[in-house]
Amino acid sequence: MTPIITAFEQSPDRGKGQARDMRVRWALEEVNQAYDVRLVSFTGMKEPEHLALHPFGQIPTYEEGDLTLFESGAIVLHIAESHAGLLPSDANARSRAITWMFAALNTMEPPLVDCEVAMLLEREKPWYEERQPVLEDRARKRLDELSRRLGDADWLDGTFTAGDLLMVAVLFRSKESGILEEYPNLSAYVARGEARPAFKRAFAAQLAVFTGAHPSR
Ligand code: GTB
């Protein structure tokens, strides 16, 4: 059964890998699972048909037979658990990889997204100049800690796992802000993720939505 995911019909970044369907596409590409994409508009996302799939009216969603999922992390975990290649077979190593998935989404992503959202949407607010350094320091604290833990390793815990996939996807979003450049080992880590053929295929597929090459459903 070919899974169907949802993605933006019109993404503010014009398909440059920022929207969260990217990580789902990447996971599917890593395990060589073909998939279909249904594009949704901003208004369509808030209509009953989409809300039945996603209670918060967002993308991505994932449909496979009678299974419907939302939350990019849960979708990536489902893909990793139902195919070989993204989670180690050793039980402890598998649990550690899942721990890194949670760390990416719960510990790293919130301060990085707060920082980025403020830069993009709140520059004109009277409190921006005072608040932004606070947000940046919070993001730097986590980046410092992650950088220290990664050291000069290629991946977070041995071989590439779904933990690295989500961590790279989260850090990738911060590339544009410039903050990642302060951490050469994290920049190199993201570059290693981007160099994976599966990442490239996923990126190209997301970009194709905006160049008109996507076969929309
Ligand atoms: N926790 C959920 C998950 O991980 O799946 C969060 C899902 C989410 O934030 N979805 C966003 C969405 O549907 C798209 S990814 N937003 C519409 C809405 O809430 O009404 C966030 C995103 C979108 C676009 C850019 N960009 O263009 O730069 C970056 C990030």
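Checked against the criterion of being within 15 Å of the ligand (Cβ to nearest atom) and either surrounded by fewer than 20 Cβ atoms within 10 Å (Cβ to Cβ) or not assigned by TED's automatic domain parsing to the domain that holds PHE203 (or both), the candidates GLU71, GLU81 yield just one match: GLU71.
Selection within segment 84-117: residues that are in contact with a helix residue (DSSP H, G or I) (Cβ under 8 Å, 6 or more places away or on another chain) and farther than 19 Å from LEU146 by Cβ. The member of this set that is nearest to the ligand (Cβ to nearest atom) is LEU86. When PHE102 is tested against (1) touching a residue at least 24 places away in the same chain (Cβ under 8 Å); (2) more than 18 Å from the chain's Cα centre (by Cα), just one condition goes unmet, and that condition is (2).
Restricting attention to segment 1-17, the residues that are crowded, with 16+ Cβ neighbours inside 10 Å and without any contact (Cβ under 8 Å) to a residue 12 or more places away in the chain add up to 0. Applying the set (1) closer than 28 Å to GLY212 by Cβ; (2) in the same structural domain as GLU145 (by TED's automatic domain parsing) to THR99 leaves exactly one unmet item: (1).
Quick grid of which residues meet (1) hydroxyl-bearing (Ser, Thr, Tyr); (2) touching a strand residue (DSSP E or B) at 6+ places or on another chain (Cβ under 6 Å):
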| residue | (1), (2) |
| --- | --- |
| GLN10 | no, no |
| GLN58 | no, no |
| THR61 | yes, yes |
| PHE70 | no, yes |
| ALA84 | no, no |
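Applying the criterion of being within 11 Å of the ligand (Cβ to nearest atom), in contact with a helix residue (DSSP H, G or I) (Cβ under 6 Å, 6 or more places away or on another chain) and small (Gly, Ala, Ser) to the residues of segment 1-43, the residue that is nearest to GLY85 (Cα to Cα) is GLY17. All of (1) within 16 Å of the chain's Cα centre (by Cα); (2) hydroxyl-bearing (Ser, Thr, Tyr); (3) modelled with pLDDT of 95 or more; (4) surrounded by fewer than 23 Cβ atoms within 10 Å (Cβ to Cβ) hold for TYR35 with one exception: (1). So which residues in segment 173-217 are small (Gly, Ala, Ser), without any contact (Cβ under 8 Å) to a residue 40 or more places away in the chain and open to solvent by 20 Å² or more (accessible area, probe 1.4 Å)? Scanning segment 173-217 gives GLY178, SER187, ALA188, ALA191, ALA195, ALA204, GLY212, ALA213. Checking each residue of segment 87-95 against the condition of being at pLDDT 95 or above and closer than 30 Å to GLN10 by Cβ gives no match.
Listed here are the residues, each with its yes/no results for (1) in contact (Cβ under 8 Å) with a residue 24 or more places away in the chain; (2) open to solvent by less than 30 Å² (accessible area, probe 1.4 Å).
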| position | (1), (2) |
| --- | --- |
| ALA19 | yes, yes |
| VAL40 | yes, yes |
| LEU77 | yes, no |
| ASP90 | no, no |
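Scanning segment 122-154 for residues that are outside any helix (DSSP H, G or I), touching a residue at least 12 places away in the same chain (Cβ under 8 Å) and either in contact with a Lys or Arg (Cβ under 8 Å, 6 or more places away or on another chain) or open to solvent by less than 100 Å² (accessible area, probe 1.4 Å) (or both) yields GLY151, ASP154.
The values are calculated or read from the model by the stated rules, or taken from the named source; none is laboratory data. Owing to the predicted nature of the structure, the values given are computational and were not obtained by experimental measurement. Cβ atoms come from the backbone with ideal geometry, glycine included; neighbour counts cover every protein chain shown. Surface areas here come from the heavy atoms of the whole protein model, side chains and all, with no ligands, DNA or RNA. Shrake-Rupley method; radii C 1.70, N 1.55, O 1.52, S 1.80 Å.
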